[in-house]
Amino acid sequence: MTDTRYAYAVARVRALENYLLDMPTVARLIAAEDGTRVLSILRNTEYADAFNMIENSFDFEDGLSNELDKTLSFLEVLSPEKYYIHLLRIPHDFYNLKILLETKYSGEPVDEPFSKLGLASLENLQLMIKGKWRDAPEYLKEASMQVIMKMEKVGEGSGSYNIFQISQTIDKVMWKYLISEAKKNKNTFLITYYQKQIDLINIHTFIRLTHAQVEAGYLQQMLFDDGSIGKDFFLKLFSKSWNIFSEIKGYQDLVMDGWAEERLFWKYEVVSDNHILDYLKQANLVFFGPEPLIRYYLLKEMETNLLRIIFVAKLNHLSEDKIRMRLRANYV
């Protein structure tokens, strides 16, 4: 899309990209003796404010969340319209809804922190769970009602739905909503991005469930709609040999490199992120539109994922080599 209102915002974001973590800094983080040293290094980077109050490396998630919230808040101020930046926040609303619904139906607190990056307040979400829908966004109402109806059927003695499927139900509503919003605004960059994310999740689901030798009916339930690869393709693939992966157009190398040879799930996640990184380069060709702003946030998100890998590795005393194996293409 071409929108001259974005000229200043795009110029600012392009300048900010120069302050993303560079290879020498990443190398120092990987070589750090422990999590405390990682914190010390980050306080001399653009992450200084985010980690200023973080004293214990076990609390690294708070620092990463601070950085992403700061980035989104800055982009909201910078952007001539908040709509596209709000779309980046909405997955965090769905995430918080998952925690609340899983807690409600399991009867036990879920061992996951709430995200502060969403649009909906936690108070409004909690009211919605109690049946007070007035201030809840429509997209969250739909997700919540689907879960509630399915759980009520289970309570009445029909169906096999359980709390482990709550996440899947909510994610299906989320992807449907995000795709519909991108299509409504005819933003081909976002449409393709969301479709690729769905494709990559579906491929991951397929190889995981096929490896576990589940029934085709269960596989069909776990696949998401609205990707560029239809569910029917995976169901036909289900009964064939592994070399049939060559039929997955646009993803052949990714699947073969990331899974078929060594069958390592973490490696598939690495090549999946590299695939997305390659796609995001298309935003470099846009000078008047929201795409460079979206790209910048997604790069920051991947950067915080890298830091998460480093922190977890240090806390678990993993070797530097194991961290380097998990580096994405922009840090290799």
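Every read-out reported here was derived from the displayed coordinates using simple, explicitly stated rules and does not represent laboratory data. In this text, all values refer to a predicted model and were calculated from it rather than measured experimentally. No Cβ is skipped: glycine too gets one built from the backbone with ideal geometry, and neighbour counts run over all protein chains shown.
Name the shape class, rounded, prolate or oblate, that the alpha-carbon gyration tensor gives for the stretch 82-177, where a ≥ b ≥ c are the square roots of its eigenvalues, rounded holds for a/c under 1.5, and otherwise prolate holds if a/b is larger than b/c and oblate otherwise. Prolate, because a/c is 1.5 or more and a/b exceeds b/c.
About its Cα centre, the chain has a charge dipole of approximately 660 debye under the convention of +1 per Lys or Arg Cβ and -1 per Asp or Glu Cβ, with nothing else charged. With R₀ fixed at 22 Å, the C-beta to C-beta distance from Tyr279 to Met325 puts the FRET efficiency at about 0.45. For Rg and Dmax of the Cα atoms in Å, which listed value, (1) 22.8, 72; (2) 20.9, 59; (3) 21.0, 68, comes from the coordinates shown? Here Rg and Dmax of the Cα atoms in Å agrees with entry (2). Rounded to 0.05, the FRET efficiency of the Leu264 and Leu315 pair, given R0 = 25 Å and the Cβ-Cβ distance, is 0.70.
Cross-link reach is defined here as a Cα-Cα straight distance under 13 Å, omitting same-chain residues fewer than 8 places apart; for Lys183 the aspartates and glutamates meeting it are Asp226.
For the set Lys176/Lys267; Lys82/Lys184; Lys267/Lys300; Lys172/Lys267; Lys98/Lys132; Lys70/Lys196, the pairs lying more than 19 angstrom apart at their alpha carbons are Lys176/Lys267; Lys267/Lys300; Lys172/Lys267; Lys70/Lys196.
For the chain, what does the helix formula give at 222 nm: sum of -39500 (n - 2.57) over DSSP H segments with n ≥ 4, over the residue count, nearest 500 deg cm²/dmol? All intermediate terms of the calculation are to be shown ahead of the outcome.
On the way: 15 runs with 203 residues, N = 332.
So the helix-based figure for the chain works out to -19500 deg cm²/dmol.
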